[in-house]
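A short worksheet on the structure shown next.
The values are calculated or read from the model by the stated rules, or taken from the named source; none is laboratory data. Keep in mind that what you see is a predicted model, and the values were worked out from it rather than measured. Positions of Cβ are backbone-derived with ideal geometry, glycine not excepted, and every protein chain shown enters the neighbour counts. Heads up: the accessible areas ignore ligands, DNA and RNA and are worked out on the full protein's heavy atoms, side chains in. Shrake-Rupley method; radii C 1.70, N 1.55, O 1.52, S 1.80 Å.
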Amino acid sequence: MLWPYCSKIFSFKKVAVVLILRQILSYICCAFLAALFSTAALSAPLWLEAKGEGSPTIIFISGNGNDASVWKGIEPHLRKVGVQTVVYDRAGLGNSPLWEGPYTVEGEAEDLQAALTAHGVSGPVILVAHSYGGYIASLLAEDMAQVKGLVFVDAGIPTDMSQQLVDYVLAEYTPRFEALKKAAPELAKAIIPVVKAYPTTVKRMRTVSIPEHLPVIDILAETSWVQDERIVSQMRKAHADFVAASPNRSSLFAKGSGHNVMKDKPHYVINAVTRMV
């Protein structure tokens, strides 16, 4: 009399086990596919160097094609005010390996966050970003609660990445790809995908909003890296509107400086970061 009942229980348990195993396999497959098609950029950690002690931590983010050395005339001066400084090489530049898979600006931001965590960099941070690094900093400012301020050094902001700018970048730099590949093949591997991804990056930037409570100093060079005056005017208006949108934002005009303000007129950057600290 008990056998049919026990048989039913056994059958029910067997079905339950099968369903659980299927669910586990489903999770494993999803995890594998997520890893396979992940937008994270790197397969190895970024090179990062932290120096000094104190708070906040100043994190320097370079522009396209530049490694951490562009900040060597800036960050030693800032440690004198009692803060920690962090420089790093973006993927494929300096001491950092190139990413695997398709390039995304989100991957760059995620890789930097991972590197900061791996090196135990926590607590309040101020981001100092140059050129394309401004887009990476914007993503971090939106996502990281530790970010307490930003200094943009003739940098990109989400609202200045117009379709006209994208068209200009593609038209200006695409014809130079072959020459770059011949002259500096390793550098080309790091620069060209970033340029090609501009149409995708602009779509992502349109969804980014830098919190209005964050203090921001927006340094603009007198001479822009863009040669089209119409686009320069659009970019300057975007920056002016960005600053006007919050009382916690201010602008600084770097008179006599080209795009690389940290090299041409480093005192503008040092003074801005010191004010922020």
### Meets criteria (free of Cβ contacts under 8 Å to residues at least 60 places away in the same chain, crowded, with 17+ Cβ neighbours inside 10 Å and under 30 Å from P56 (Cα atoms)) for P158
yes
### Query
Just to be sure, is S62 exposed (fewer than 13 other Cβ atoms within 10 Å of the Cβ), closer than 21 Å to V261 by Cα and at pLDDT 90 or above?
no
### Message
For Y88, only one of the following conditions fails: (1) open to solvent by 10 Å² or more (accessible area, probe 1.4 Å); (2) touching a helix residue (DSSP H, G or I) at 6+ places or on another chain (Cβ under 8 Å). What is its number?
### Response
(1)
### Summary
When A179 is run through (1) over 18 Å from the mean Cα position of the chain (by Cα); (2) within 18 Å of L127 (Cβ to Cβ); (3) not charged (D, E, K, R), the failure sits at (2)
### Task
Could you please give the count of residues in segment 115-155 that are open to solvent by less than 30 Å² (accessible area, probe 1.4 Å) and in a strand (DSSP E or B)?
12
